[in-house]
Amino acid sequence: MNLSRYGLLMVLVGSLVGVSALDRVGISAPPVAEAKATPPAPPPLPPRPTPPRPSDPPMVTVEPKLQVDVWRIGRIVATTTGKQIQVLNLHRAVDLFREYDPDPAKFVFRFQVAAPGVYPIGFYTAAGDIPSPPAICTITAGEPGPAPPGPTPPGPVPPGPVPPGPTPGPAPIPIAGLSVLIVEESADRAKLTLGQHATLFGRETRDYLDLKCATDPHVAAWKAYRIWDKNTVLAEAGKTWADAMARPRTSTPWLIVSDGKGGYEGPLPNTVAETMTILKKFAGE
């Protein structure tokens, strides 16, 4: 009898006579294997966090193409989702500046081209560390066409009563301190030089007048300067400005500057620098 048969026999005998009898003869029942405990299931994995969606980059939009004659003033209107717009102008033949507007969210640029050619101008902004893609406005400048025939020129004009330059005698505007009046013809703005346009609408001139001009005698919250069309209705302008508008002039745009003691009256200079020289003289600088 082999060992496996012997062991089976002993199990059967033990079941009949009891385990104690087998123990007495020195025979042990085969051990019973213990059932293994099932390990607990692992906890579920937490959900993977959703990565943040990248924000849309800031944008600048301009008209892609403009065509102008040389030496004519052009206009570019830009819109942006950012707060500021920077300009990339690499062309010496193109003068460009931002037109003054009391609303800082409006971006209007004026330009003048000195020579025929094609000139791409870049505009861009940024939000934090995210730059915008550049917006390109391509300016094509050509030679001006023939001017249409104008009216018959008038005969010789007698000399005007007020020569341009310092005004002798009483001040042209009777306000103590710096006061300024610029009279223009809004219908003739296309004929202005770039410097005259920058004087009328650029930030440098406006900021200086806001800083240096005296307080307006009629509206305490205003400064004593006006830039008016020659056909401005003067019903509520106040006597000081109505009298200044009534002073003789021989052309537009016309500049009147006063310090309360003397002043200047004459055509608006062709450049901002020349105009600023006159303003600073009567502001006491």
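The values are calculated or read from the model by the stated rules, or taken from the named source; none is laboratory data. Keep in mind that what you see is a predicted model, and the values were worked out from it rather than measured. Cβ placement follows ideal geometry from the backbone for every residue including glycine, while neighbour counts extend to all protein chains displayed. SASA here: full protein model, heavy atoms, side chains in, ligands and nucleic acids out. Shrake-Rupley method; radii C 1.70, N 1.55, O 1.52, S 1.80 Å.
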(request) Please turn the phi angles of the range 56-64 into ³J(HN,Hα) values with the Karplus equation 6.51 cos²θ - 1.76 cosθ + 1.60 (θ = phi - 60°), one per residue in order, whole Hz, x for glycine and proline. (result) 5, x, x, 9, 10, 10, 9, 5, x
(request) Would you mind checking which residues have amide H under 5 Å from ALA176's amide H? H placed 1.01 Å from N; only 5 or more apart, or other chain. (result) none
(message) Past 24 Å, Cα to Cα: identify those pairs from LYS191/LYS230; LYS191/LYS212; LYS230/LYS281; LYS83/LYS280; LYS83/LYS230; LYS239/LYS280, in the order given.
(response) LYS191/LYS212; LYS230/LYS281; LYS83/LYS280; LYS83/LYS230; LYS239/LYS280
(message) For a quick check: with amide H placed at 1.01 Å from N, whose amide H comes under 5 Å from ILE227's, ignoring anything fewer than 5 positions away on the same chain?
(response) ILE182
(message) Once you keep just the Cα pairs under 8 angstrom separated by 6 or more residues, what percentage relative contact order results for the range 187-285?
(response) 29 percent
(request) Please find the FRET efficiency linking THR277 to ASP56, where r is the Cβ-Cβ separation and R0 is fixed at 51 Å, and quote it to the nearest 0.05. (result) 0.60
(message) On a full-extension model of 0.36 nm per residue, what is the gain between ALA37 and LYS230, subtracting their alpha-carbon distance, rounded to one decimal in nm?
(response) 59.3 nm
(request) Mind listing the long-range amide H neighbours of TRP222? Cut-off is under 5 Å, sequence gap 5 or more, other chains count too, H placed in the peptide plane at 1.01 Å from N. (result) ASP216
(message) Could you tell me the calculated FRET efficiency between HIS218 and LYS191, based on Cβ-Cβ distance and R0 = 25 angstrom, to the nearest 0.05?
(response) 0.20
(request) Set the Förster distance to 35 Å, then compute FRET efficiency between LYS261 and ALA114 from the Cβ-Cβ distance, nearest 0.05. (result) 0.30
(message) Only sites in a loop by DSSP and with at most 16 other Cβ atoms within 10 Å count here; which trypsin sites (Lys or Arg not before Pro) in the range 61-111 make the cut?
(response) ARG72, LYS83, ARG92, LYS106
(request) Restrict the search to the range 182-260; then list the GluC sites (Glu not before Pro) that DSSP places in a loop and that have at most 15 other Cβ atoms within 10 Å of their Cβ. (result) GLU185, GLU236
(request) Can you work out the PRE-style zone for ASP69? Point 7 Å along Cα to Cβ, and I want the residues of the range 171-192 with backbone N under 15 Å. (result) 188-192
(message) Show me the chymotrypsin sites (Phe, Trp or Tyr not before Pro) within the range 199-277 that DSSP assigns to loop and that have at most 14 other Cβ atoms within 10 Å of their Cβ.
(response) TRP222
(request) May I ask you to list the aspartates and glutamates whose Cα is less than 18 Å away from that of LYS106, ignoring any residue fewer than eight positions away on the same chain? (result) GLU63, GLU204, ASP207
(message) What number comes out for accessible area per residue over the range 79-135 if the probe is 1.4 Å? Units Å², please.
(response) 58 Å²
(message) At a threshold of 8 angstrom on Cα-Cα distance, excluding pairs fewer than six apart, so keeping six or more, what relative contact order does the range 179-224 reach in percent?
(response) 33 percent
